[in-house]
Amino acid sequence: MGKQLESNAIPPYEPKAGEEYMSSEQLAHFRNILETQRTELSREIDRTVHVMQEESTVFADPADRATQESDMALELRSRDRERKLIKKIGEIINKIDEGEYGYCEKCGIEIGLKRLEARPTATLCIDCKTLDEIREKQMAK
């Protein structure tokens, strides 16, 4: 079993009775989650660079060399996805700063605390995201 990420150890936000959506406390909570995720991802990318530098062995056997190259390619693809996520996290933190966080980019309604807890980088409400996914499936056929 893998180690638990620090961002997953942050307890979900419990709104107080009558609390306004995206209050300063809620924004601070989501900023904390996003900044923790960004730090964790950056650490993983740095770790990968060091591991790849240390483990770059030249194997005489072509099968061993191919396995090493395949492993490195997979690792690099994963890190590239993480690099893109770091960029998106930065954009989302900017939305927090601008007071636009927590609202759907398409229709403008509240995304919802539970959805944001599950995916703090969400930019669409569940209805708009569902419609996007349906369109994607139709275009793929």
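The values are calculated or read from the model by the stated rules, or taken from the named source; none is laboratory data. All values derive from a computational prediction rather than experimental measurement. Methodologically, a virtual Cβ is constructed for each residue, glycine included, from the backbone with ideal geometry; neighbour enumeration extends over all protein chains shown.
Give the range 37-72 a look and list any residue that's among the hydrophobic types (A, V, I, L, M, F, W, C), farther than 27 Å from THR123 by Cβ and part of a helix (DSSP H, G or I), or say none. Quick ask: steps written out before the conclusion?
Step one: list which residues in the range 37-72 are among the hydrophobic types (A, V, I, L, M, F, W, C), which gives 41, 45, 49, 51-52, 58-60, 63, 66, 72.
Now restrict to residues that are farther than 27 Å from THR123 by Cβ: 49, 51-52, 58-60, 63, 66, 72.
Hits for the range 37-72 are VAL49, VAL51, MET52, ALA63, ALA66, MET72.
Looking for something assigned by TED's automatic domain parsing to the domain that holds ILE93 and in contact with a Ser or Thr (Cβ under 6 Å, 6 or more places away or on another chain) - is there at least one such residue anywhere in the range 54-65?
Our first condition is that a residue be assigned by TED's automatic domain parsing to the domain that holds ILE93; within the range 54-65, this holds for 54-65.
Subsequent filtering for residues that are in contact with a Ser or Thr (Cβ under 6 Å, 6 or more places away or on another chain) retains none.
Scanning the range 54-65 turns up no residue that is assigned by TED's automatic domain parsing to the domain that holds ILE93 and in contact with a Ser or Thr (Cβ under 6 Å, 6 or more places away or on another chain).
Is at least one residue of the range 73-96 assigned to a helix (DSSP H, G or I), over 20 Å from the mean Cα position of the chain (by Cα) and without any contact (Cβ under 8 Å) to a residue 12 or more places away in the chain? So that I can check it myself, show each step before the final result.
Of all residues in the range 73-96, those assigned to a helix (DSSP H, G or I) come to 73-96.
Applying the additional criterion that residues be over 20 Å from the mean Cα position of the chain (by Cα) yields 73.
With without any contact (Cβ under 8 Å) to a residue 12 or more places away in the chain added as a condition, the list becomes 73.
Checked the range 73-96: at least one residue is assigned to a helix (DSSP H, G or I), over 20 Å from the mean Cα position of the chain (by Cα) and without any contact (Cβ under 8 Å) to a residue 12 or more places away in the chain.
Mind counting the residues in the range 97-141 that are out of contact with any strand residue (DSSP E or B) (no Cβ under 9 Å at 6 or more places or on another chain), among the small types (Gly, Ala, Ser) and not in a helix (DSSP H, G or I)?
Counting residues in the range 97-141 that are out of contact with any strand residue (DSSP E or B) (no Cβ under 9 Å at 6 or more places or on another chain), among the small types (Gly, Ala, Ser) and not in a helix (DSSP H, G or I) gives 4.
Residues being surrounded by fewer than 11 Cβ atoms within 10 Å (Cβ to Cβ) and over 12 Å from THR123 (Cβ atoms): count how many of those fall in the range 98-112.
The number of residues fulfilling the criteria is 2.
Restricting attention to the range 49-93, which residues are within 27 Å of PHE30 (Cα to Cα) and among the polar types (S, T, N, Q)?
SER78, the sole residue that qualifies.
Working only within the range 73-86, note down all residues that are surrounded by 13 or more Cβ atoms within 10 Å (Cβ to Cβ) and of a type in the set (Asp, Glu).
Hits for the range 73-86 are GLU75, GLU82.
Residue-by-condition table, conditions (1) surrounded by fewer than 11 Cβ atoms within 10 Å (Cβ to Cβ); (2) modelled with pLDDT of 95 or more; (3) in contact with a Gly (Cβ under 8 Å, 6 or more places away or on another chain):
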residue	(1), (2), (3)
ILE45	no, no, no
ASP64	no, no, no
ASP71	no, no, no
LYS88	no, yes, no
LEU116	no, yes, yes
LYS129	no, yes, no
